[in-house]
1. Would it be correct to say that residue 157 is in a loop (DSSP other than H, G, I, E, B) and crowded, with 17+ Cβ neighbours inside 10 Å?
2. I'm checking my understanding of the structure. Among residues of segment 81-106 that are among the hydrophobic types (A, V, I, L, M, F, W, C) and surrounded by 13 or more Cβ atoms within 10 Å (Cβ to Cβ), which one is modelled with the lowest pLDDT?
3. Condition (residue is surrounded by fewer than 17 Cβ atoms within 10 Å (Cβ to Cβ), out of contact with any His (no Cβ under 9 Å at 6 or more places or on another chain), under 20 Å from residue 45 (Cα atoms) and not β-branched (Val, Ile, Thr)) applied to segment 185-200: is it met by at least one residue?
4. Quick check on segment 255-266. Is at least one of its residues assigned to a loop (DSSP other than H, G, I, E, B), surrounded by fewer than 17 Cβ atoms within 10 Å (Cβ to Cβ), at pLDDT 90 or above and not assigned by TED's automatic domain parsing to the domain that holds residue 87?
5. Filter segment 221-233 down to the residues that are surrounded by fewer than 18 Cβ atoms within 10 Å (Cβ to Cβ) and either on the phi < 0 side of the Ramachandran plot or among the hydroxyl-bearing types (Ser, Thr, Tyr) (or both) and list them by number.
6. Please verify whether residue 172 is under 24 Å from residue 83 (Cα atoms), in contact (Cβ under 8 Å) with a residue 40 or more places away in the chain and not in a strand (DSSP E or B), treating the condition exactly as stated.
7. Restricting to strands (runs of 3 or more DSSP E) lying wholly in segment 1-106: which have 1 or more residues that are hydroxyl-bearing (Ser, Thr, Tyr)?
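The values are calculated or read from the model by the stated rules, or taken from the named source; none is laboratory data. The shown structure was predicted, so the numbers you read here are calculated from the model rather than taken from an experiment. Every residue, glycine as well, gets a Cβ built from its backbone with ideal geometry; the counts of neighbours run over all protein chains shown.
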Amino acid sequence: MIEIAAAGENLALTDLGVIRIGGGDARAFLQGQLSNDLLRLTPDHSLLAALNTAQGRVIAVLRLLQRPDGIFAIGPAGLLATVIAGLRKYVLRSRVTLSDESSQHAVVGLLGPNVRELSVLPRADLIATSRPAPEPETSGERWRLATIEAGEPQIYPETSELFVAQMLNLDLVDGLSFTKGCYTGQEIIARTQHRGRIKRRMLRYLIRGATPLRRGEQVRLDGGRIGRIVERAARNANDIEVLAVVPLDATDRESAESTLPQFNVERLPLPYAVPDLS
């Protein structure tokens, strides 16, 4: 049974799934594939990491948890097959197993004052929780709103390979290591960081009276900036919050059709500073 902290609430996140990476070489294998330093992953410390193409484009953003029976990677259920296929190309002779265990394990988010963390537990334990969780759709929306407030990106099938890591602020949310050595996409990501060519970053916005916006959709935001939606969640019946990748320089306008959606927009703060934002 999962224990529920008095200061928090458990949310059943049915849109997230679980990959288990097992075998004696699991950690070393992931060290060569993901953007963060797997030496920092412990039973008490989860890790945010990106799986990238050789060209440095983010395929998926994963939350890694260490468990006695392997390393668990949490991500959108619709992207897990792509992640497994991408990782399997590099297994070769490594002692590594990759399996989608979403049907055996549930993802639960603990949300409360100054608390936001993910857990994986057997589905039977989820049924036995001591306090009912909200409806899954409501739970997912509330969780996404919390991750937007934290400025933590997520990638879905419709946005996979659209962005490089720094566009998603992964260097600002402890999702990248620049000291651990080589991994797939590392050369492009490191070159982008050290040459200072990060022209677009992810910012947070409140959009009032918006019709539903799709992830990956382009919209006009503050000062005429053209942003591409990374994540969105309803704040209430009329307003949504979004994370969108936009040009850092307010004078850098992308050409776009006049039919591009434009809304009543307010830029909201992030819990970290975004460099070079004008």
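1. No: the conditions fail for residue 157.
2. From segment 81-106, those among the hydrophobic types (A, V, I, L, M, F, W, C) are 81, 83-85, 87, 91-92, 96, 98, 106; that's our starting set.
Keeping just the survivors that are surrounded by 13 or more Cβ atoms within 10 Å (Cβ to Cβ) gives 81, 83-84, 87, 91, 96, 98, 106.
Working: 81: 98, 83: 98, 84: 98, 87: 97, 91: 95, 96: 97, 98: 98, 106: 92.
Looking at the filtered set, the residue picked out is 106.
3. The answer is no; no qualifying residue exists.
4. The answer is no, given that none of the residues of segment 255-266 is assigned to a loop (DSSP other than H, G, I, E, B), surrounded by fewer than 17 Cβ atoms within 10 Å (Cβ to Cβ), at pLDDT 90 or above and not assigned by TED's automatic domain parsing to the domain that holds residue 87.
5. 222
6. Considered against the rule, which asks whether it is under 24 Å from residue 83 (Cα atoms), in contact (Cβ under 8 Å) with a residue 40 or more places away in the chain and not in a strand (DSSP E or B), residue 172 comes out as yes.
7. Strands (runs of 3 or more DSSP E) meeting the threshold: 97-100.
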